[in-house]
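Structure first, commentary second.
The values are calculated or read from the model by the stated rules, or taken from the named source; none is laboratory data. Remember, predicted model here, so these are calculated numbers, not experimental data. When we count neighbours, we look across all protein chains shown, and the Cβ atoms used for this are built from the backbone with ideal geometry, even at glycine.
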Amino acid sequence: MNKLLLLAFFGLSLFSCSQNKERGENYTFGSTKIVSDESLFPIVDDEHLVFQSRYKKASIEMVYKPLKGALSIFLNDSIDVAVLPRELSEEEKEVFIKKNVKVRSIKFATDGIAIITSKNNITDKITVNELKSFLNGTAENAPVVVFDNVQSSTVEYLMTNLDVKKLNAKNIYALNNSEEVIKYVKENPKAYGIISVSWIKRPTKEIEDMVKEIKSLAVRNDKGVFVEPTQSSLKTGEYPLKRDLYLIDCQGKAGLGTGFAAFLASDIGQRIILKSGIAPDSLPSRQIIIRK
């Protein structure tokens, strides 16, 4: 859906909410569920909390799952709004087309895949080919590499973009979530971890101290430049392992999913992303007041 149209819907909803408070679910009131990729928890949780605090009559239950689990719920269950680190494939869209439901997606941010290691590790950079050799098991003396989950979006991203057919090397391990990856890397200085950039830019309170003990490796891009995953390098595309984030709404009606999508694209929603350290889809406006 066009972002301007979404914002228009959101603005109109403020009026409709005051006029039609008892009509069930709408843009800013009622209840619904949204499933989100677990790797995006830090940023999605921030957006969710602010949305809920501003719209007291809205009740959104967030369900966090690794990508494959999130897609399974989204495609086969009653949850019809999802926050994902990619758009749906043509095959996935076909599920909704057969139900005569229009797929609406809005890009709201750019995240990245971070390659992390302990600050005690002397290594501070890596090439994409080196990473690929670690995952394929073709590198000599490869370090231990840990993922957040065998069903995660980080696994899918690297297997797709690095053309890795199967993760069967002895040095590759899948844990349960991103927090476990950070803990493992902190406790094993020579290990590498692969997680969403959002987890190191906006860590939960439980892992704030551990995040201080790790670092992100600079990755060489196609121009031969080693680039760290910063807000700027994600926005410009200089960091090679970037990915766009989408809210996908298959409600087939105007509801809280539409309202939350509009909120993500709004000035407030984009400022939350800006503060989080990943790249907002559009830069929030700034007001400059000149006093005489």
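Couple of notes before you dig in:
- Counting only strands (runs of 3 or more DSSP E) that fall entirely inside segment 191-276 and contain at least 3 residues that are of a type outside the set (D, E, K, R), the qualifying elements are 192-196, 242-249.
One line per residue, one yes/no per condition, for (1) at pLDDT below 95; (2) not assigned by TED's automatic domain parsing to the domain that holds I34; (3) not β-branched (V, I, T):
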| position | (1), (2), (3) |
| --- | --- |
| I195 | no, yes, no |
| E213 | no, yes, yes |
| E228 | no, yes, yes |
| E238 | no, yes, yes |
| G269 | no, no, yes |
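- Tally of residues being aromatic (F, W, Y) and closer than 17 Å to F134 by Cα across segment 173-192: 2
- Tally of residues being surrounded by fewer than 17 Cβ atoms within 10 Å (Cβ to Cβ) and touching a residue at least 60 places away in the same chain (Cβ under 8 Å) across segment 157-168: 1
- Given (1) closer than 19 Å to G252 by Cα; (2) surrounded by 23 or more Cβ atoms within 10 Å (Cβ to Cβ), index of the condition N76 fails: (2)
A quick yes/no check of all residues on (1) out of contact with any strand residue (DSSP E or B) (no Cβ under 7 Å at 6 or more places or on another chain); (2) over 26 Å from E47 (Cβ atoms); (3) among the hydrophobic types (A, V, I, L, M, F, W, C):
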residue	(1), (2), (3)
I113	no, no, yes
S133	yes, yes, no
N149	no, no, no
V155	no, no, yes
